[in-house]
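The values are calculated or read from the model by the stated rules, or taken from the named source; none is laboratory data. As the structure is a computational prediction, the values presented were derived from the model and not from experiment. Here Cβ is always computed from backbone atoms with ideal geometry, including for glycine, and neighbour counts include all displayed protein chains.
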Amino acid sequence: MEAIFQHFRSEEKEKIIEIYSKFEIAERDYYPVLLDFLDPRERVIVDNISGHFSDIEVEYFGGGQDEDRERMRAVVHPSLIPISRDDFQITVYRLDYPEKFLDLTHRNILGAIMALGFDRAKLGDIVFGKSIQFAVDSNLKDYINMELTRIKNTPIKLIEIPNDEMITGDIETRNITIIASSYRIDTIVSEVLKESRSKSKTRVEKEKVKINHSIVTNPALNVEIGDIISVRRFGRFIVNELVHETRKGKYRIAIKVYVE
């Protein structure tokens, strides 16, 4: 396992051990093992570990027809055992609420669900379109049906819908490529926000930047593929690919920016 650790941050070691154990169980018991909802960075870890288990495959699903969900569950399973959508144990809800009197945001809904005491890993994407929908671990549906009845002190109603009816959502994204002198977080934020390096460095030091939902304060921390970077009052973006070094010694980095 040491060969895997060297490719990841030290703070990811616990997550690597947890996921690696799931592969070991699937291999030992010759049976599919379900993982919680994973963000893009966690899926990079899963894909890396899968390379060490020749007879174990990984399949992802986050609900609906969209294969580019931000949060998806994984099933690790022996290659000869087929997997169905039911094996992912995902329940999708549509949120009914008085739209004339209540303006809901992603933060409102996430906050209301997390206030029930849920682990974030049990919650999938929250999507906005013609309706508001979200995905959860099916084992929690009885509790969430009973407890999630109000958001912002306003009554709401949860309607369970077929899994394949989950919408893609109207959140706009744009793919950009930046050229940076390093993989440092302050450098990447500077290029994406088109601001000075010193200003981005100050943002990090003043706890205004998160990587994978955790506040970072070290401007020299390097970003990795799959990192979700949130900047207060700007929004968030995902590091899709660290492409290659240019002739001038800089780095070409592919970024997906959420336009919110």
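See the values below:
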read-out	value
Test: residue in segment 237-250 that is in contact (Cβ under 8 Å) with a residue 60 or more places away in the chain and among the basic types (Lys, Arg)	yes
Single residue of segment 103-140 satisfying the filter (touching a Leu at 6+ places or on another chain (Cβ under 8 Å) and under 16 Å from ASP66 (Cβ atoms)) that is surrounded by the fewest Cβ atoms within 10 Å (Cβ to Cβ)	SER131
Any hit, segment 87-105, residues being within 22 Å of ASN212 (Cβ to Cβ), out of contact with any Ser or Thr (no Cβ under 9 Å at 6 or more places or on another chain) and at pLDDT below 95	yes
Near pairs, Cβ below 9 angstrom, 6+ apart or cross-chain, from segment 192-209 (among the hydrophobic types (A, V, I, L, M, F, W, C)) to any residue that is exposed (fewer than 13 other Cβ atoms within 10 Å of the Cβ) and in a helix (DSSP H, G or I)	LEU193/LYS199
Lone unmet requirement of (1) part of a loop (DSSP other than H, G, I, E, B); (2) within 19 Å of ARG41 (Cβ to Cβ) for PRO219	(2)
Residue match in segment 41-50 (condition: free of Cβ contacts under 8 Å to residues at least 60 places away in the same chain and assigned to a strand (DSSP E or B))	no
Positions within segment 120-134 being closer than 18 Å to TYR97 by Cβ and either basic (Lys, Arg) or under 15 Å from the mean Cα position of the chain (by Cα) (or both), in sequence order	ILE126, VAL127, LYS130, PHE134
Failed criterion for ASN108 (all others in (1) without any contact (Cβ under 8 Å) to a residue 40 or more places away in the chain; (2) part of a helix (DSSP H, G or I) hold)	(1)
Out of ILE49, ILE81, ILE56, sole residue that is more than 28 Å from ILE171 (Cβ to Cβ), touching a His at 6+ places or on another chain (Cβ under 9 Å) and not polar (S, T, N, Q)	ILE56
Filtered residues of segment 59-95 (kept if under 16 Å from the mean Cα position of the chain (by Cα), of a type in the set (Lys, Arg) and part of a strand (DSSP E or B))	ARG73
Long-range neighbours under 7 Å by Cβ, at least six apart or interchain, first residue among the basic types (Lys, Arg) within segment 122-146, second surrounded by fewer than 23 Cβ atoms within 10 Å (Cβ to Cβ) and part of a helix (DSSP H, G or I)	LYS122/LEU140
Residue match in segment 26-37 (condition: at positive phi, in contact with a strand residue (DSSP E or B) (Cβ under 9 Å, 6 or more places away or on another chain) and not small (Gly, Ala, Ser))	yes
Of residues in segment 154-180 being of a type in the set (Ser, Thr, Tyr) and in a strand (DSSP E or B), the one nearest to ILE132 (Cα to Cα)	THR154
Only listed residue being at pLDDT below 95, under 22 Å from the mean Cα position of the chain (by Cα) and not hydrophobic (A, V, I, L, M, F, W, C), chosen from GLU207, GLU165	GLU165
Qualifying residue in segment 91-102 (condition: closer than 28 Å to TYR20 by Cα and surrounded by fewer than 17 Cβ atoms within 10 Å (Cβ to Cβ))	no
